[in-house]
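Student: I'd like to ask some things about the structure below.
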Amino acid sequence: MSLPQPLKSVYALADANSFYASCEKVFRPELEGKPVVVLSNNDGCVIAQSKEAKAALALYMCRPWFEVKEAAEQIGTIAFSSNYELYGAMSNRFVQTLRHFSPRVEVYSIDESFMDMTGLKRDLNVYGHEIKHTVRQWTGLPICVGFGHSKTLAKLANHCAKKQPGWDGVCDLTSLSVPELDHLLASLEISTVWGVGKRLERRLHAVGVTNVLRLKHADPKRIRDKFGVLLERTVRELNGEVWLELDQMMPEANQVMSSRSFGHRLDSLTDLQAAISFHAGNAAERMRKKGLYANAVYVFIQNSPHDEAPYYCGQQMIALPSPTNSTQQITKAALWLLNKVYQPGVYYLKGGVMLMELVAEGGQQRELFGFSQQDSKNHRLMGTIDQVNAKYGRGTVKTAAEGVRQDWQMRRVLKSPGYLHQWKDLLKVR
């Protein structure tokens with residue numbers, strides 16, 4: 001009596017096309033087919049573009065907007081300031097839709113998720129199109145889907161689905177015969193493989209590995225000796241061995257960072273205090289959502305390295321007497337650090353606060369000198385503030401140190417409305 005053979009693993013990768021630009025188009029259907037770009041903080045650089053903008057403008061990532069603005073506007077390009085709140089909400093809807101197609105989903109990034117399809121008795125090409133059409137119908141986002149016997153192969157399949165028109169947005173490498181798969185891999189550059197950049201590709205070319213098929217057939221032990229264990233793992237994954245398991249749990253954060261470029265250069269300590277207080281409160285709020293406490297606070301302020309003035313980056317860290325999640329205590333520590341690093345006469349362009357050495361409530365070590373004596377009162381106060389801000393929007397209740405006008409905030413003059421997170425911006429159906 002023979003034992004049943006274990007099922008061969010199958011993974012899918014769903015990836016939204018031109019995610020930021022697609023999110024903007026969802027709520028502006030008249031932009032379909034038109035070039036759209038999304039700009040970075042302070043509307044400085046192009047960080048995302050639709051396929052129409054890419055074809056018309058030949059933009060590279062992070063190109064300064066002022067260099068191409070005139071040419072872009074001549075062809076009717078629509079530019080948006082980055083609206084991260086909207087993109088986060090759309091990403092959540094995208095992932096929730098994918099969970100209808102697999103019980104195991106790993107969120108890899110804001111616009112990419114892996115799914116476990118092992119044991120599914122369906123035509124994967126048909127299933128992929130079903131996923132693609134459902135995501136489009138439920139969220140408005142265009143996506144591509146790739147299937148493979150490892151996560152590296154699924155990622156490669158998604159690349160083929162996106163770049164090669166013959167696949168119509170869905171590529172199933174598991175359905176190809178060995179000669180068909182080898183023919184496809186021989187046509188792909190090595191840098192299309194997950195984790196292989198242009199620099200590593202040049203080193204591989206130097207030893208005769210000139211395409212993905214040759215990398216697949218390379219001796220894993222020799223690859224490990226010359227290029228390291230990570231590339232050896234990639235070679236094994238290209239051969240269908242599973243070395244990267246699906247990870248459904250996000251790793252627990254060791255730190256929370258809140259930083260941002262200012263809307264204009266600041267030289268006043270008062271303005272910097274308002275900005276650092278904002279970041280301290282923002283970081284503390286995000287940390288409380290994870291149920292964590294900070295053991296240390298880090299603050300930095302810097303001018304631009306491109307200024308004619310000498311570059312200056314002041315940074316300091318302080319260990320707290322005991323873990324805390326109190327906005328008041330964190331803000332007080334951050335402002336103390338700011339006074340230590342502030343230098344008059346410098347025109348600062350960016351600043352931020354990082355909360356470090358985070359621990360869960362059960363992992364705290366108490367001190368003897370009263371820093372944590374107000375914990376129960378603080379817990380109730382922080383809980384109430386978070387509830388109010390969750391209902392009425394961040395900043396409804398904040399520390400007085402943050403100020404009222406916040407003129408230092410970054411410029412986002414082209415920002416789209418908060419269609420999914422602001423009551424006043426909800427679309428009206430006539």
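Student: Using a Förster radius of 41 Å, what is the FRET efficiency between LYS290 and VAL404 based on their Cβ-Cβ separation? Nearest 0.05, please.
Tutor: 0.90
Student: Compute the length gained on full extension between ASP219 and THR396: take 0.36 nm times their separation in residues and subtract their Cα-Cα distance, giving the result in nm to one decimal.
Tutor: Difference between extended and current length: 57.7 nm.
Student: Also, I was wondering about something else. What FRET efficiency would be calculated for the residue pair LEU230, LYS332, taking the C-beta separation as r and a Förster radius of 60 Å, to the nearest 0.05?
Tutor: Efficiency for this residue pair is about 0.90.
Student: For THR118, enumerate residues with amide H under 5 Å from its amide H, sequence gap 5+ or separate chain, H modeled in the peptide plane.
Tutor: VAL10
Student: Could you give the spread of the C-alpha atoms of the chain along their three principal axes, from largest to smallest, in whole angstroms?
Tutor: So the three principal-axis extents are 70, 62, 54 Å.
Student: Between HIS379 and SER109, how many nm apart are label points set 7 Å from Cα along the C-beta direction?
Tutor: Taking the simple label geometry, HIS379 and SER109 are separated by 4.0 nm.
Student: How much length is gained on full extension from VAL388 to ALA309, taking 0.36 nm per residue of separation minus their Cα-Cα distance?
Tutor: 24.1 nm
Student: Also, quick follow-up: Where nothing but the Cβ of Lys and Arg (+1) and of Asp and Glu (-1) is charged, how large is the charge dipole of segment 44-122 around its Cα centre, in debye to the nearest 20?
Tutor: I would put it at about 440 debye.
Student: Highest mean first, how do 393-402, 315-324 rank when packing is the count of other Cβ atoms within 10 Å averaged over residues?
Tutor: For the peptides 393-402, 315-324, the packing ranking is 315-324, 393-402.
Student: Which loop chymotrypsin sites (Phe, Trp or Tyr not before Pro) in segment 1-103, with loop taken from DSSP, have no more than 11 other Cβ atoms within 10 angstrom of their Cβ?
Tutor: Here the chymotrypsin sites (Phe, Trp or Tyr not before Pro) that fit, given the DSSP loop and packing criteria, are TYR60.
Student: Carbon and sulfur atoms: what percent of the 1.4 Å accessible area of segment 95-187 do they account for?
Tutor: Solvent-exposed carbon and sulfur of segment 95-187 make up 54 percent of the total.
Student: Note down the magnitude of the dipole of segment 158-268 about its Cα centre, charges +1 on Lys and Arg C-beta and -1 on Asp and Glu C-beta and zero elsewhere, to the nearest 20 debye.
Tutor: I would put it at about 640 debye.
Student: Multiply the residue gap between GLN74 and GLU241 by 0.36 nm, knock off their C-alpha separation, and tell me the result in nm, one decimal place.
Tutor: 55.1 nm
Student: Using helices alone, what [θ] at 222 nm do you get for the chain, with -39,500 (n - 2.57) per DSSP H run of 4 or more residues, divided over all residues and rounded to the nearest 500?
Tutor: Computed mean residue ellipticity for the chain: -12000 deg cm²/dmol.
Student: Of VAL341, VAL209, VAL95, whose Cα points farthest to the positive end of the dipole of the chain (charges on the beta-carbon: +1 Lys, Arg; -1 Asp, Glu; origin at the Cα centre)?
Tutor: About the Cα centre, the residue reaching furthest to the positive side is VAL95.
Student: Taking a quarter of the surface of the convex hull around the Cα atoms of segment 1-115, what do you get in nm²?
Tutor: 9.6 nm²
Student: Mean Kyte-Doolittle of at least -0.5 and a Cα length of 20 Å or more along the axis: which whole DSSP H helices of the chain meet both?
Tutor: Result, helices passing both filters: 84-98, 269-289, 327-341.
Student: Still on this structure, please answer the following. Pick from LEU238, LEU173, LEU204: which residue has the top mean-square fluctuation in a GNM of the chain where Cα pairs under 10 Å get a spring?
Tutor: Judging by the Gaussian network model, the answer is LEU204.
Student: Quick check on my link table: of LYS121/LYS162; LYS132/LYS162; LYS25/LYS428; LYS54/LYS151, which ones sit more than 20 Å apart, alpha carbon to alpha carbon?
Tutor: The pairs that break the limit, which is 20 Å between Cα atoms, are LYS121/LYS162; LYS54/LYS151.
The values are calculated or read from the model by the stated rules, or taken from the named source; none is laboratory data. Remember, predicted model here, so these are calculated numbers, not experimental data. All Cβ positions, even for glycine, are placed from backbone atoms using ideal geometry, and neighbour counts span all protein chains on display. Heavy atoms of the whole protein, side chains included, go into the accessibility calculation; ligands, DNA and RNA do not. Shrake-Rupley method; radii C 1.70, N 1.55, O 1.52, S 1.80 Å.
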